Amino acid sequence: MKRFLCSVAIAIVAALGCCAALRPASAGTLKFLSLNIWGDYFGNPVGERQAAMEAAILKDSPDIVSLQEVTPNWWKSKMFKNLGKAGYGIVRGDEGAALRRAAFTGKRERKHSNHEPLLYRKDRLDLLDSGTDFFHVTLQPSKSVTWAVFEDKASKKRFAAFATHFWWKHNGIESDTIRELNARHILNLLADIRRKWGADIPAILGGDLNSTEGSLAHKMLRNGGFKNAARTADVKSSHASHHGNPERGPDGKFHGALRPAKTDKPEFSIDHIFCTKGIHAHRHEIGVYQEVLDITDHSLVLVEFSFSAPAK
C-alpha cells in the first residue's frame, strides 16, 4: 500500500507538468505556501485526496507551508510521514499546553488537535523556537495559530512565521469582532516573540482569515505592521482564493471549478499572506490549476519573498 501511494503521488506530480525540482525559488528568495486542505467534514475522505494533496504541497518546492483544516484523520494518514521523507519538518506545538493557556478545564478530545501546523524545509531553514495557541477552544477548537522562529541557513536571517485559521461565520459585527480578536492574538504573540528574539525580527503570516480587505481583522493586522502581499507584491494574482466545494461527479471522483468570472477577483479572497517590514514580497500567486481545484475548496496561495534591508 505504501508503494502504491508513493507511486500515485509521483504520477500526479508528473501529470502537473511541473515537478517540485523544476520550480525552485530564485537565488536569495524563499517561498511561503498557504493552503486550506478542506478537512474531511463533508463526505470528502482523506484517503481519496491524500496523494494529490501531497503533490500540490510539493509542486512549487515551498520553504514554509501553512496548512489549515488538518483534522485528526489527516494526522492519522501517511501524508506527514511522506512529507517528512521529502525533507519537511513539522511544527505542531504542544496542544496540551495550548489548552491550559486557553483555561480549558474539560476532557481533552480528538478535536483538540492542531488544525493549523507549519511545515518547513529542513535543508533550508533551522527551527529555533515554536508554539501553538487555540483562539477560542470552547467556541471552536479547530481555529488556532501555530508560530515558529526560523533562521535561513544561507543568509543567517531570522524571521517569525505564522499559520492560522480565523473564525468562520459571517453574521455581521459579532463574527467580524471575533476575527478582529484572532488578529489581536497574533499581534500579541508577535510582541512576545520580539521581546525574546529581537524587536526588529520580521514576520510572515499565512492562512484562511475568512475575511477580505477592509475587514476589522485586516485593519488590526495593518495597524500591527502587517501588509497583505496580494497588495504589495511586485507581481500579483488576479484570482480569488476560494472557489467552493468540489463535487463528486458521475465518475465517483471530486471535481472543482473556478468561481464565475464576476467574483473570481482578488477582492473576494479570504486566504491571505501578510508580511511585516523586513520582508519583501516579489510574487503573489493563487494556484487555480485543475488538480488543486479538485482536492479542496480553497486554492493555494504562494508568495516568493526575500529579506529587505532595514529602514534607516
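The values are calculated or read from the model by the stated rules, or taken from the named source; none is laboratory data. No experiment lies behind these values; they were computed from the predicted model shown. Because the Cβ atoms are built from the backbone with ideal geometry, glycine has one as well, and the counts that use them run over all protein chains shown.
If you check residue 230 against the conditions, is it under 22 Å from residue 278 (Cα atoms), touching a strand residue (DSSP E or B) at 6+ places or on another chain (Cβ under 6 Å) and not basic (Lys, Arg)? I'd like the intermediate steps shown before the answer.
Values: under 22 Å from residue 278 (Cα atoms): yes; touching a strand residue (DSSP E or B) at 6+ places or on another chain (Cβ under 6 Å): yes; not basic (Lys, Arg): yes.
The answer is yes for residue 230.
Considering every residue within segment 91-107, establish whether at least one is of a type in the set (A, V, I, L, M, F, W, C), surrounded by fewer than 19 Cβ atoms within 10 Å (Cβ to Cβ) and in a helix (DSSP H, G or I).
Quick first cut of segment 91-107, residues of a type in the set (A, V, I, L, M, F, W, C) only: 91, 97-99, 102-104.
Applying the additional criterion that residues be surrounded by fewer than 19 Cβ atoms within 10 Å (Cβ to Cβ) yields 97, 99, 102-104.
Still in the list and also in a helix (DSSP H, G or I): 97, 99.
Checking segment 91-107: at least one residue is of a type in the set (A, V, I, L, M, F, W, C), surrounded by fewer than 19 Cβ atoms within 10 Å (Cβ to Cβ) and in a helix (DSSP H, G or I).
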Inset, instruction - Return only the number of the condition from (1) more than 24 Å from residue 244 (Cβ to Cβ); (2) part of a loop (DSSP other than H, G, I, E, B); (3) touching a strand residue (DSSP E or B) at 6+ places or on another chain (Cβ under 7 Å) that residue 277 does not satisfy. - result: (3)
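Report the residue count in segment 152-169 for those that are touching a residue at least 60 places away in the same chain (Cβ under 8 Å) and either in a strand (DSSP E or B) or under 30 Å from residue 242 (Cβ atoms) (or both).
Here is the first cut: in segment 152-169, the ones touching a residue at least 60 places away in the same chain (Cβ under 8 Å) are 152, 154-155, 157, 159, 161-165.
Then drop every residue that is not either in a strand (DSSP E or B) or under 30 Å from residue 242 (Cβ atoms) (or both), which leaves 152, 159, 161-165.
Qualifying residue count for the region: 7.
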Inset, instruction - Scan segment 120-171 residue by residue and report those that are closer than 20 Å to residue 83 by Cα and small (Gly, Ala, Ser). - result: 130, 148, 161, 163
Inset, instruction - Just give me the residues in segment 226-274 being of a type outside the set (Val, Ile, Thr), under 13 Å from residue 303 (Cβ atoms) and in a helix (DSSP H, G or I), in sequence order. - result: 229, 230, 231
Legend entry - Among (1) in a helix (DSSP H, G or I); (2) buried (at least 16 other Cβ atoms within 10 Å of the Cβ), the one test that residue 204 misses: (1)
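Which one of 139, 128 is assigned to a loop (DSSP other than H, G, I, E, B) and surrounded by fewer than 17 Cβ atoms within 10 Å (Cβ to Cβ)? Talk me through it step by step, then tell me what you get.
Numbers: 128 fails: assigned to a loop (DSSP other than H, G, I, E, B).
One residue alone meets the criteria, 139.
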Legend entry - Members of segment 100-151 that are touching a residue at least 60 places away in the same chain (Cβ under 8 Å), farther than 21 Å from residue 38 by Cα and in contact with a helix residue (DSSP H, G or I) (Cβ under 8 Å, 6 or more places away or on another chain): 128, 129
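Give the residue, chosen from 203, 240, 183, that is at pLDDT 95 or above, touching a helix residue (DSSP H, G or I) at 6+ places or on another chain (Cβ under 7 Å) and over 22 Å from residue 146 (Cβ atoms).
Values: 203 fails: over 22 Å from residue 146 (Cβ atoms); 183 fails: over 22 Å from residue 146 (Cβ atoms).
Among 203, 240, 183, only 240 is at pLDDT 95 or above, touching a helix residue (DSSP H, G or I) at 6+ places or on another chain (Cβ under 7 Å) and over 22 Å from residue 146 (Cβ atoms).
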Legend entry - Leading residue by the ranking (nearest to the chain's Cα centre (by Cα)) among those in segment 280-312 that are closer than 24 Å to residue 179 by Cα and either outside any strand (DSSP E or B) or modelled with pLDDT under 95 (or both): 299
Legend entry - Cross-chain or 6+ apart pairs with Cβ under 8 Å, segment 61-83 first and at positive phi, then part of a loop (DSSP other than H, G, I, E, B): 61/23; 61/24; 61/25; 69/37; 69/38; 69/39; 69/115; 69/142
Legend entry - Test: residue in segment 46-68 that is surrounded by fewer than 21 Cβ atoms within 10 Å (Cβ to Cβ) and closer than 22 Å to residue 166 by Cβ: no
Legend entry - Which listed residue, of 105, 138, is closer than 21 Å to residue 40 by Cα, polar (S, T, N, Q) and at pLDDT below 95: 138
Inset, instruction - Determine whether residue 228 is modelled with pLDDT of 95 or more and surrounded by 14 or more Cβ atoms within 10 Å (Cβ to Cβ). - result: yes
